[in-house]
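**Q** Could you have a look at this structure, given as structure tokens, before my questions?
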Amino acid sequence: MKRIAFIIVAWSQALMGYAADRPVAPGNTLLLEAEAFSDTGGWDLDQQAMDVMGSPYLLAHGLGVPVPDATTVARVPEAGKYRVWVRTRDWVAPWKAPGAPGRFQVVLDGRPLSPTFGTEGADWHWQDGGTVDLPAGETKVALHDLTGFEGRCDAVALSRDLAFRPPNDPAALAEFRMKALGLTAEPADGGEFDLVVVGGGIAGTCAAVSAARNGLRVALVQDRPVLGGNGSSEVRVWPEGHTKQKPYPHIGEIVEELTPPKGPGDRNAAAGERFTDQRKLDVARAEPRLTLMLEQRVNAVEMKDGKIAAVVAQNTRTAQRVRVRGKLFADCTGDATVGFLAGADHEMERDGKMGASNLWNLLDTADPAAVLKCECKDKDALTIGVREGQTAAPFPRCPWALDLTDKPFPGRKLKKGQWGGNPLSNLGAWFWETGFDMDMIRDIERIRDQNLRAMYGAWDVLKNVDGLYPNHRLGWVAYIAGKRESRRLLGDVLLTGDDFRKGVAYEDGCFPCSWSIDLHAPDPAFSKGLDGQEFISKATEGAAYKYKGPYWAPYRTLYSRNIPNLFMAGRNISVNREGLGPVRVMRTTGMMGEIVGKAAWIAVSQGTTPRGVYQNHLPLLREMMSKPGVYRKP
């Protein structure tokens, strides 16, 4: 019996399968998806909430400086009057904040429409753009950012039916997209593999490389253009955890191929080049048995006889759907997406979870060397200004941001976050974190936006109220949230904090843990008057959160207890909330991936399941754990 499981909202499946810039649709309606624009300019593609709001979208993430236009061409089949609709939202409206910072224009053939978009509505909806006369043939469409403060656009619709309004209801919107874009229900064939790894963070990349080197045909499916997840240049959490520990010093060698040990200048929110995105891609692409599928978001699972038969992924730019079949699957998504869709047993805290980070850094415009290395989107103009001696970096007031005028935060007036540091190092550090009582999956856009409101509010206060840092400006800010905790899949062993404290020894210990029982909660020193909007965290510390390490965690945490062909690696493995603390850092999760790759080869070669590897082939797994990470089966 075959069934298909859908993620969060089933209607998201209807958003798949169209070709970029395919504008002609039934009913004389043109639908232009923003992520499919032929040139996205300075706008960033944001896919992290697409399963909730229905689509990837473009984000004008300019740090207060308007970004270059995103452009495409609409092929208008018939001259005449068209009504324009734009799917967008006022991203600060959930807080009833004034100012609508995400303002932008839609420009047709060089003429901006009269409404300004992104100015109304807390929810995603179609904002009326009025009517316009269009000639038959090609019309250039541009998204023109007005602020640089997180404007967002999902799609533009042009309709000859002047009374038509695109639907907001999820099911009706899905049907509209399918008809307007000519979507097909059947995904393309993405091939069949021994192991399909979903999620290209450190854990997933290590799993894929390990399995490929051990002789398996592997697909690695990742929804971003880079590998590394939180350890990539997009999020910039520095990978922690000790690798290559006795008695299995080869475990962790693949991790170190992807991300070398920490050196001088390596830290959270450092320059993007330090996170070695290209290095990770090169390691993966060097494996002939590994098929790398970037910008592919898995949001459907096909089941047969209680096992996963295939996953279905949507390309986040073209929206083409692809079905990827496999014997075994590894959920390395962090959110346990594949396991959730497959019906795997799982758990997730409702309240009191760790939040998501929003790392950021600053740039001193009086330092020409720093300006040359600037990652900002207005680098050319900034460089010219510095050459002309214009080093002052004013910043606009942000009445829509979190109002911190009378509130302390790390980096302000001698206030420091946990473990001190100088004022500048306290800005954008690991403890800038929010979403403690929110759903890390359904609420992720709002969590990220709340992080941004806190960051912009803090910088506004420092620059415009306290009068500090006249030559500093925001240099880089993450717009992909760095999650710490969401769903966890349940295996045959549920590893607990007490297992670490008591040193409980498992016969199938297979990856070493060295990080403390590190859990985060809102820091009381910075939480007063911010109920539900806390943005500074404090980590657990003291003897109660330490253990004797390295602690070798059991293999039985790395596979599902009720989906027989599902592995997992990363922060979604089988641990309780305290047990998550020591295992969640990335060098440790990468070693989990190495073990999954080895175990997957045993399962395929021996005709068994992930559980069968433990039950019948544990000595063989130990033997493989003793082989170098560079070892390749012929």
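The values are calculated or read from the model by the stated rules, or taken from the named source; none is laboratory data. All values derive from a computational prediction rather than experimental measurement. Cβ coordinates were reconstructed from backbone atoms using ideal geometry, including for glycine residues, and neighbour counts include every protein chain displayed.
**Q** If we keep just the residues of region 438-456 that are in contact with a strand residue (DSSP E or B) (Cβ under 9 Å, 6 or more places away or on another chain) and acidic (D, E), which is farthest from A336 (Cα to Cα)?
**A** Among those that are in contact with a strand residue (DSSP E or B) (Cβ under 9 Å, 6 or more places away or on another chain) and acidic (D, E), it is D449.
**Q** Condition check: surrounded by 19 or more Cβ atoms within 10 Å (Cβ to Cβ), touching a Leu at 6+ places or on another chain (Cβ under 6 Å) and outside the structural domain of M455 (by TED's automatic domain parsing). Does T243 satisfy that?
**A** In short, no.
**Q** Related question: Tally up the residues in region 275-306 that are surrounded by fewer than 16 Cβ atoms within 10 Å (Cβ to Cβ) and either basic (K, R) or outside the structural domain of F193 (by TED's automatic domain parsing) (or both), please.
**A** Residues that pass the stated criteria total 3.
**Q** Can you name every residue in region 81-100 that is surrounded by 24 or more Cβ atoms within 10 Å (Cβ to Cβ), part of a strand (DSSP E or B) and of a type outside the set (A, V, I, L, M)?
**A** Y82, R87, T88
**Q** Does region 412-432 contain any residue that is touching a strand residue (DSSP E or B) at 6+ places or on another chain (Cβ under 8 Å), assigned to a loop (DSSP other than H, G, I, E, B), under 30 Å from E120 (Cα atoms) and modelled with pLDDT of 95 or more? Outline the logic, then answer.
**A** First, the residues of region 412-432 that are touching a strand residue (DSSP E or B) at 6+ places or on another chain (Cβ under 8 Å): 417-418, 424, 427-428, 430-432.
Then keep just the ones that are assigned to a loop (DSSP other than H, G, I, E, B); that gives 417-418, 427-428, 430-431.
So of that shortlist, the ones also under 30 Å from E120 (Cα atoms) come out as 428.
Retained after the next criterion (residues that are modelled with pLDDT of 95 or more): 428.
Among the residues of region 412-432, at least one is touching a strand residue (DSSP E or B) at 6+ places or on another chain (Cβ under 8 Å), assigned to a loop (DSSP other than H, G, I, E, B), under 30 Å from E120 (Cα atoms) and modelled with pLDDT of 95 or more, which makes the answer yes.
**Q** So the check is Cβ under 8 Å with 6+ separation or different chains; which pairs have a first residue in region 134-159 that's closer than 16 Å to W85 by Cβ and in contact (Cβ under 8 Å) with a residue 12 or more places away in the chain and a second one that's of a type in the set (A, V, I, L, M) and assigned to a loop (DSSP other than H, G, I, E, B)?
**A** Listed pairs, sorted by first residue: L134/A79.
**Q** Looking at region 589-611, is at least one residue under 27 Å from I517 (Cβ atoms), outside any helix (DSSP H, G or I) and either among the acidic types (D, E) or under 28 Å from the mean Cα position of the chain (by Cα) (or both)?
**A** No, region 589-611 contains no residue that is under 27 Å from I517 (Cβ atoms), outside any helix (DSSP H, G or I) and either among the acidic types (D, E) or under 28 Å from the mean Cα position of the chain (by Cα) (or both).
**Q** While we're here: Need at least 2 residues that are surrounded by 18 or more Cβ atoms within 10 Å (Cβ to Cβ), of a type in the set (D, E, K, R) and in the same structural domain as D90 (by TED's automatic domain parsing) per element, so show me which strands (runs of 3 or more DSSP E) inside region 112-187 make the cut, counting only ones lying wholly within it.
**A** Counting at least 2 such residues, we get 149-153.
**Q** Right, here's the next one. Are there any pairs, at least 6 apart or on different chains, whose C-beta atoms fall under 6 Å, with the first in region 609-631 and in contact (Cβ under 8 Å) with a residue 40 or more places away in the chain and among the β-branched types (V, I, T) and the second surrounded by 16 or more Cβ atoms within 10 Å (Cβ to Cβ) and part of a loop (DSSP other than H, G, I, E, B), and if so, which?
**A** T609/P564
**Q** Looking only at region 404-418, count how many residues are of a type in the set (A, V, I, L, M, F, W, C), over 14 Å from G428 (Cβ atoms) and surrounded by 15 or more Cβ atoms within 10 Å (Cβ to Cβ).
**A** The total comes to 1.
**Q** Now a separate question. I'd like to check something: does region 364-373 contain any residue that is within 20 Å of the chain's Cα centre (by Cα), among the acidic types (D, E) and either modelled with pLDDT under 90 or surrounded by fewer than 21 Cβ atoms within 10 Å (Cβ to Cβ) (or both)?
**A** Step one: filter region 364-373 for residues within 20 Å of the chain's Cα centre (by Cα), giving none.
Taking every residue of region 364-373 in turn, none turns out to be within 20 Å of the chain's Cα centre (by Cα), among the acidic types (D, E) and either modelled with pLDDT under 90 or surrounded by fewer than 21 Cβ atoms within 10 Å (Cβ to Cβ) (or both).
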